[in-house]
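One structure below.
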Amino acid sequence: MASFDLSAIGISGPILLLLGLLSLASVSVLVARLLTLWSIGSERAKRDEALEKLARGEAVIVSGQSPADRILLRAAVLIEAEVSIEVLTSELEQRGNAESYALYRGVRFLELVGMIAPLLGLLGTVLGMIQSFRSLELAEGAANASILAGGIWQALLTTAAGLVVAIPALVGAAILTARAETGSTEIERTMVGALSSASRRMKK
């Protein structure tokens, strides 16, 4: 039974190793961020109920750990402290921007992997082709098609590897972006609701 000899890959070996490391890193980032963002828009009803309590002047207990819940908790503290609408708006905008920015963590890395992995694969292919034609030149009269064909498939292997790494990374970036946008929308909705609750409470 024939075995695959990694040494036969030649000059493309380090690039394949680098692509493997990029693949491992991108999968780790994707899994970690998905676990964090998957339930990002949940418990909306509980937040709406808490906002209604704030408007009525009742005590609010926030048990969730999502970014929107943290915004709600901060809003509840400020409203209970009876700060002005201007101060409340400024504070919530600052916190909201920081929370929204954090939601996109990891997306840029996956996009970067998606961009450079095919380029690394192409680089490996070019280097492999150079090596292949160099071997063909050195073979002189003993050259045959098998020498060239063997070098070509080894070179093209890096292009395939680059695409295998890039495609999941770009798909993962799109998924994380969609989840982050959901979280940002929920943060904004919570901020608007908190400001509305504060205004209603002040009118009473």
For 15, 175, which order do you get if you count the other beta carbons within 10 Å of each Cβ and list the fewest first? 175, 15
Each residue of region 59-67 in turn: what ³J(HN,Hα) in whole Hz from Karplus with 6.51, -1.76, 1.60 and θ = phi - 60°, glycine and Pro shown as x? 5, 10, 10, 9, 9, x, 10, 6, x
Would you mind finding the longest exposed-site-free stretch of the chain, with exposed chymotrypsin sites (Phe, Trp or Tyr not before Pro) meaning DSSP loop and at most 12 other Cβ atoms within 10 Å? 39-204
Taking the number of other C-beta atoms within 10 Å as the exposure measure, put 56, 74, 33 in order starting with the fewest. 56, 74, 33
Residue 192/residue 164 FRET efficiency (R0 30 Å; Cβ-Cβ; nearest 0.05): 0.10
Segment residue 80-residue 28, length gained on full extension (0.36 nm per residue, minus Cα span): 14.6 nm
Taking only Cα atoms of the chain, what ratio of Rg to Rh do you get with Rh as the Kirkwood inverse-distance radius? 1.33
Once phi for every residue in region 119-126 is put through the Karplus expression 6.51 cos²θ - 1.76 cosθ + 1.60 (θ = phi - 60°), the whole-Hz ³J(HN,Hα) values, with Gly and Pro written as x, are 5, 5, x, 5, 4, x, 5, 4
Helix 44-56 vs. the chain, principal-axis angle (Cα, 0 to 90°, nearest 10): 30
What is the dipole size for the chain, taken about its Cα centre, with +1 at each Lys and Arg Cβ and -1 at each Asp and Glu Cβ, in debye to the nearest 20? 560
Residue farthest toward the positive end of the dipole of the chain, with Cβ of Lys/Arg at +1 and Asp/Glu at -1: which of 166, 92, 154? 92
Ellipticity estimate at 222 nm from DSSP helix runs (n ≥ 4, -39,500 (n - 2.57)) divided over the chain, nearest 500: -28500 deg cm²/dmol
At q = 0.16, 0.20, 0.30 Å⁻¹, base-10 log of I(q)/I(0) for region 16-64 (Debye sum, equal scatterers on each alpha carbon): -0.61, -0.74, -1.02
In percent, how large is the relative contact order of the chain, given Cα pairs closer than 8 Å and 6 or more residues apart? 38
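We did not get these values from a lab; they are worked out from the coordinates using the rules stated. Since we're looking at a predicted model, the values are computed, not measured. When we count neighbours, we look across all protein chains shown, and the Cβ atoms used for this are built from the backbone with ideal geometry, even at glycine.
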